[in-house]
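K.L.:
Take this structure first; my questions come after.
The values are calculated or read from the model by the stated rules, or taken from the named source; none is laboratory data. Quick caveat, the model's predicted, so the values are computed rather than measured. All Cβ positions, even for glycine, are placed from backbone atoms using ideal geometry, and neighbour counts span all protein chains on display.
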Amino acid sequence: MDHCLYYQAHVNRKDCWFLVGILRSFENMTFDRTLDKEKSIFEFYVPVAMKDYFEALLAFFMSENIIYWYREMANRLLIDNACL
């Protein structure tokens with residue numbers, strides 16, 4: 001079974017609603033949720049086939065100061081053995 005790629009991003013708090021709205025308008029691009037509400041850190045699970053599209057959107061969001069940084073990381077659900 002294939003697993004999704006995992007990303008985290010620090011989102012400008014005032015633009016959270018905008019980011020989520022745009023990402024959810026693309027069917028099956030990502031599953032997003034807030035990882036740390038106080039620090040405005042979001043996590044994203046992205047199908048491998050959507051990686052290029054997702055990263056292009058994140059680059060745009062960075063250029064518009066909607067997000068401050070993002071990084072691809074090891075899928076924390078696999079590390080924590082939560083899905084096994």
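K.L.:
When you look at residue 72, is it acidic (Asp, Glu) and either buried (at least 16 other Cβ atoms within 10 Å of the Cβ) or modelled with pLDDT of 95 or more (or both), yes or no?
P.N.:
Yes: the conditions hold for residue 72.
K.L.:
Report, by residue number, each residue of the range 1-39 that is in contact with a Ser or Thr (Cβ under 8 Å, 6 or more places away or on another chain) and more than 17 Å from residue 72 (Cα to Cα).
P.N.:
12, 13, 16
K.L.:
Still on this structure: So, residue 29, is that one assigned to a loop (DSSP other than H, G, I, E, B), touching a residue at least 12 places away in the same chain (Cβ under 8 Å) and surrounded by 14 or more Cβ atoms within 10 Å (Cβ to Cβ) or not?
P.N.:
The answer is yes for residue 29.
K.L.:
Moving on to the next point. Right, residue 64: of a type in the set (D, E, K, R), free of Cβ contacts under 8 Å to residues at least 40 places away in the same chain and surrounded by 10 or more Cβ atoms within 10 Å (Cβ to Cβ) or not?
P.N.:
yes
K.L.:
Take the range 14-26 and flag every residue that is surrounded by 11 or more Cβ atoms within 10 Å (Cβ to Cβ), part of a helix (DSSP H, G or I) and not acidic (Asp, Glu).
P.N.:
16, 18, 19, 20, 22, 23, 24
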